[in-house]
1. Could the peptides 174-187, 2-15, 116-129 be put in order, highest first, of the mean number of other beta-carbon atoms found within 10 Å of their residues?
2. Which order results if 203, 143 are arranged by neighbouring Cβ count within 10 Å, fewest first?
3. Would you please give the FRET efficiency between residue 136 and residue 205, computed as 1/(1 + (r/R0)^6) with r the Cβ-Cβ distance and R0 = 51 Å, to the nearest 0.05?
4. Which residue, 170, 77, 194, has the most motion in a Gaussian network model of the chain that connects Cα atoms within less than 10 Å?
5. For helix 64-78, what angle does its Cα long axis make with the longest principal axis of the chain, in degrees from 0 to 90 and rounded to 10?
6. How do 195, 160 line up, fewest other C-beta atoms within 10 Å first?
7. Calculated FRET efficiency, residue 25 and residue 234, Cβ-Cβ r, R0 25 Å, to nearest 0.05?
8. Could you compute how fast the stretch 7-77 diffuses translationally, taking Rh as the Kirkwood radius over C-alpha pairs and applying Stokes-Einstein at 10 °C with viscosity 1.306 mPa s? Give it in µm² per second.
């Protein structure tokens, strides 16, 4: 990925941080995008300490203007945009009946609208990158979930957002794949991240009990999968990747 630029949202922790680290190790200059700027600065220092190049972009992508500015700043300061990883998301589980609808608003705003804003702002630059060296191909990777393939109780609006990510990804793929912009979706199962930290306490205990006897994936496992997707030869497009812990049944 030497000579290319990657843009990773939700880069302050978990899968996003691991992906930023991995793509930098593979030679990409990486724009690290999230609201927690202090976390991004720590990660950027780590990447730079290993000889990589990182740009800290403190941004709330649920604000379209901020999402656009983040993309434009990346191109202005790093020179181009070849790879986008739409990783930012939140998982707020619980029954639909009597749900606090503010949680629904948060999931729709980040999991869907933020992803859409970034994709819309990035696409012109990805199309430009696909027409030029060093790779003559560009990548947009959207992070979904097993929840985007199978609906379950107490996950209704989270399911809605992730099913939406899957549908949007496939539609966009069909639009731009002939122009050598590869659009992929990654659907992780249970991963050790901060996602569960945002759950209400009474919900967290029930949700986590399902995976009590499962060795969960690590964020690095998903970062490795993303890196695999975006480093394939130009002729190879990995459209969809479902990754579960070995012991996860559903």
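Rule-based calculations on the coordinates, nothing more; no lab input. Computed from a predicted structure; not experimentally measured. Positions of Cβ are generated from backbone atoms using ideal geometry, with glycine treated the same way; all protein chains shown enter the neighbour counts.
1. Peptide ranking by packing, descending: 2-15, 116-129, 174-187.
2. Sorted ascending by nearby Cβ count, the order is 203, 143.
3. 0.50
4. Maximum among the listed residues: 77.
5. Relative to the chain, helix 64-78 is tipped by roughly 40 degrees.
6. By the 10 Å Cβ count, ascending: 160, 195.
7. 0.70
8. 136
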